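**Q** Input: one structure, supplied below.
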Amino acid sequence: QVCPWVNEESVQFESVPLEDFASRDGRDADEGASIVISTHACGSLTDKVLEYAMDISASAAAVMPCCYTGTDSGVPYGIRRMLGVGLAADVRRSFRLQENGYHVDFAAIPKAITPMNRL
C-alpha cells in the first residue's frame, strides 16, 4: 500500500513510463496530475519528470534522483568539482524550478533505505 492514510477516491496512483502518461489524449485539465512524484528516475529522466511537472503547472513535484550520468550539463566545472556531479545537477535543477515559480527545498530519507537518498 503506497499511502494508507490517503482516500483512494481522491488520489490516483499510477506507475507508468513518463512518456506513456504524458502522451495520453483526451484528459481534462481537472484530470491532470497536480503533484508529480518520481523515485529513482535514472539520469536525465529526473529532468524530464521535472520538465513535465512544469509543463502541466503541477502544484508540487517531489523527486528522488538515482544515477546522475550526464545530468551536470551546464554546470561550471568548478561547481561540479567542489560539489560533485549529483549535487551540482540538483542545484542546477533547483534554479530551473525556482525560475518557474516553484519553492525548492532539499531533504533526505535514511541511507539504510537507499544510498541515493536526496529528495
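The values are calculated or read from the model by the stated rules, or taken from the named source; none is laboratory data. What you are looking at is a predicted structure, and each value in this text was computed from that prediction instead of being measured. All Cβ positions, even for glycine, are placed from backbone atoms using ideal geometry, and neighbour counts span all protein chains on display. All accessible areas refer to the heavy atoms of the entire protein, side chains included, with ligands and DNA or RNA removed. Shrake-Rupley method; radii C 1.70, N 1.55, O 1.52, S 1.80 Å.
**Q** For the range 46-67, which positions are farther than 19 Å from A108 by Cβ and either open to solvent by less than 40 Å² (accessible area, probe 1.4 Å) or among the β-branched types (V, I, T) (or both)? Let's see the steps before the verdict.
**A** Of the residues in the range 46-67, the ones farther than 19 Å from A108 by Cβ are 47-48, 51-59.
Passing the criteria: D47, Y52, A53, M54, I56, A58.
**Q** Quick test for you: out of G70, G101, G43, pick the one residue that is surrounded by 13 or more Cβ atoms within 10 Å (Cβ to Cβ), among the small types (G, A, S) and at positive phi. First the steps, then the outcome.
**A** Details: G70 fails: surrounded by 13 or more Cβ atoms within 10 Å (Cβ to Cβ); G101 fails: surrounded by 13 or more Cβ atoms within 10 Å (Cβ to Cβ).
Sole residue among the options that is surrounded by 13 or more Cβ atoms within 10 Å (Cβ to Cβ), among the small types (G, A, S) and at positive phi: G43.
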